[in-house]
Structure formats: C-alpha cells, structure tokens
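Below is one structure, written out as structure tokens; comments come after it.
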2 protein chains.
Amino acid sequence: MLKLTKKADYGLMALKYLAERPDTPALSAKDIADAYGIPAQLLAKILQQLTKKGLLKSHAGMNGGYALSKPAASISAYEVILAIDGPFFITSCTKGAHGCDLTPSCTIKEPLARVNETIAGVLKSISIQDLAEHEHPSGQAPEPKLVTLTI
Amino acid sequence: MLKLTKKADYGLMALKYLAERPDTPALSAKDIADAYGIPAQLLAKILQQLTKKGLLKSHAGMNGGYALSKPAASISAYEVILAIDGPFFITSCTKGAHGCDLTPSCTIKEPLARVNETIAGVLKSISIQDLAEHEHPSGQAPEPKLVTLTI
DNA sequence: TGAACCCGGACTGTAACGGTCGTATACTAA
DNA sequence: TTAGTATACGACCGTTACAGTCCGGGTTCA
C-alpha cells in the first residue's frame, strides 16, 4: 500500500509539536499525546526510539520530558521514518540481504530501486521545520523543490 | 515500511514479461509463473484483477492466456499498483473518507499529501515499456525525468 | 519519601498479506 | 462430442506485522 505506519505519523507529529515550542525545556510524552489524542504509552515508546537514534534528548524525573537534540531545520522526515520504521525499500527483495530469492530474472527491481531513491530524496529534503512552518493560512510560495529521477 | 506488496511486484513482472513478447498472442498464467518461479495460482488471481481493470485481455481455452490490452508504453506502473493494491496514501488518515479521526490539529498530513502526489507522479511517469527496455548491459542515457515538489 | 517522569520488555488482538484448494466455466482441437 | 487446457472465483488458512496495553524498574526533583 505504500503507506507509512501510524508510528511514523505519530513521531512526525510529536517532533513537529516540539519544533513549534523551542522555548520550553522539555515536554512529557503525555503532554504531546494529550495534545493529539493519541495513546500516551505508545507515543512514549516512539519517543524512546527517537531518543536512542539521537533525534531527541530525554530527561527523566519531575518536569522531565523530551526535547529536540538539534535544530528542527536539520532533522529530515527521512531520519524520523527511518528511526521508527527501519530501512524501507519499495521492492520486496531488498538485494541487500542476499539478493532476490526469486529467479535471477527479476529485473524490475532495478528501476524500482531508482524510484525508491527518489522517494528517499524527497523525504530527505523535508525538514521538521518545514512541517512546523506550514501553519500559514494561505498566500505564500513555499519554495518548490526539484527532484530528478533517472530510470 | 513504504514498500509495495509482492502482488504488485508480481503484477509488474508479469506485465514486463508480456511487454517483452509482443508477438505472442497470449501467455498463460502458468507460463509466466514458471518463468519467474512464483506461485501460479497466486499470479493467476493477480492477472485476473488486472484483466478486470482493463490492463489485460484474457482468453480462455486451449492456447489461451493473457495479453496486454494496450501498448506497453501507455501502461504506467501507477496503474498496475493501483489495480492490485488499491489506492494508496502515505498518510494513515486519507482525508477522503471522513477526515482525520484524530484531533483537528493533525497538520502534518497536508505536507505529506504533497509527498504522496509526488510519488504518484513518479510512478505515473514510468511505463511498462520503460521496465521492459531496461535490458541494456550498460552505456546509454535512459532519459532522466524531472519531478517537482512544493511543500 | 513520594510524585512525576523516562525506560524497556512482554504480551495481546486484529488485520492484512501471501498462498492454497476446489470447483465452475469457457474455449479449442481432435 | 469429448477431452484437455485455460480462465474465473470464492473459500480457506498460516504467518507476520502493526497498534496498543500492561507492568516492573530506574531517575530526578520537590
């Protein structure tokens, strides 16, 4: 279906939420979960993953919580999805593990791999800040990005 | 994981296989399945779906099988994936059904919807013929395609 | 000390995916 | 007309992954 998981969605939402509040020292998982109406325990696990990957900094104890470990502009959507869902490949046979278990004539993977790279490139070009800044009612040119694809 | 299903993979492989043999009147599901070592019954179901969507023409009986219903150049990978896996959206909440069941502040969907359109555009720009023509050993510029994305 | 918070493993229910089986139907050739 | 080959289609099943919950533990601060 080519869709990313809810976990990744939640993660992006949480990072966006943090990016919009750079002045607060830390926000608890519960705070963010309540803001969006998502399960707090689930979000907590997601934030823990992001922390382990270095995208967030955590602080335990009273008034603890999570904060971005680097500027929102330097965190790409790609990093977030990668941290939560692991490496994704559009083709079922990743060719990284042990090639394709099907016959060697599975020649469609190669062109699809290019598509995969293109998608990754698009996601890499989107930062959390881009998401957070999208709060404009209307009427501004949000700088189009160009992507090239060679089959 | 952002990966397309094996069914879609199989469908693309089968169409590519047909596109490489435009002179044959029809190929049975078993022939194609054997060529790639994939389950014949499963491929048959996939080809039936593609037939129902109008991408293939079927012919029962002796020497029957499937054939492309239109030139390979005018069948896009997007159509194939859409026919097999149904409409895909990168966001979990499609906004088509009944909006987002989460709080109204789920503002990350909009930029991700752009990404979704970009991916769809990429897949639409790839034809079955592109896949079939990829049989070159090396040394030719396969015309790069450009894609624009505005967040 | 205790409340508030993070950490992380174990567990569960549901749904989709991948695949199989069996049967009915359609067509062609001998 | 009959046998064989093929599609058509629905029912079924095992596995996996996703989404979510539960609980025991460790930190920090008031």
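The values are calculated or read from the model by the stated rules, or taken from the named source; none is laboratory data. Being a predicted model, the structure only gives us computed values, none of them experimental. No Cβ is skipped: glycine too gets one built from the backbone with ideal geometry, and neighbour counts run over all protein chains shown. Please note that ligands, DNA and RNA were not included when accessible areas were found on the heavy atoms of the full protein model with its side chains. Shrake-Rupley method; radii C 1.70, N 1.55, O 1.52, S 1.80 Å.
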(message) For B:S58, only one of the following conditions fails: (1) open to solvent by 20 Å² or more (accessible area, probe 1.4 Å); (2) at pLDDT below 95. What is its number?
(response) (2)
(request) Hey, can you tell me all the residues within the range A:69-83 that are surrounded by 14 or more Cβ atoms within 10 Å (Cβ to Cβ) and more than 12 Å from DNA strand C (Cβ to nearest atom)? (result) A:A72, A:I75, A:S76, A:A77, A:Y78, A:E79, A:V80, A:I81, A:L82, A:A83
(message) Take the residues in the range A:1-23 that are outside any helix (DSSP H, G or I) and in contact (Cβ under 8 Å) with a residue 24 or more places away in the chain; name whichever of them is surrounded by the fewest Cβ atoms within 10 Å (Cβ to Cβ).
(response) A:P22
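Per-residue answers, yes or no, for (1) within 14 Å of DNA strand D (Cβ to nearest atom); (2) farther than 20 Å from B:A132 by Cα:
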residue: B:L18; (1), (2): yes, no
residue: B:P22; (1), (2): no, no
residue: B:Q41; (1), (2): yes, yes
residue: B:I46; (1), (2): yes, no
residue: B:K57; (1), (2): yes, no
residue: B:G64; (1), (2): yes, yes
residue: B:S69; (1), (2): yes, no
residue: B:A73; (1), (2): no, no
residue: B:L82; (1), (2): no, no
(request) Please determine, by comparing only the residues of the range B:53-68 that are within 16 Å of DNA strand C (Cβ to nearest atom) and of a type in the set (G, A, S), which one is nearest to B:L18 (Cα to Cα). (result) B:A67
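With free of Cβ contacts under 8 Å to residues at least 24 places away in the same chain and not aromatic (F, W, Y) as the only criterion, which of B:A29, B:A44, B:A77, B:A67 stands out? Reasoning before the result, please.
Working: B:A29 fails: free of Cβ contacts under 8 Å to residues at least 24 places away in the same chain; B:A77 fails: free of Cβ contacts under 8 Å to residues at least 24 places away in the same chain; B:A67 fails: free of Cβ contacts under 8 Å to residues at least 24 places away in the same chain.
Only one candidate passes the filter, namely B:A44.
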(request) Could you look through the range B:34-43, keep only residues that are open to solvent by less than 50 Å² (accessible area, probe 1.4 Å) and at pLDDT 95 or above, and pick out the one that is nearest to DNA strand C (Cβ to nearest atom)? (result) B:A40
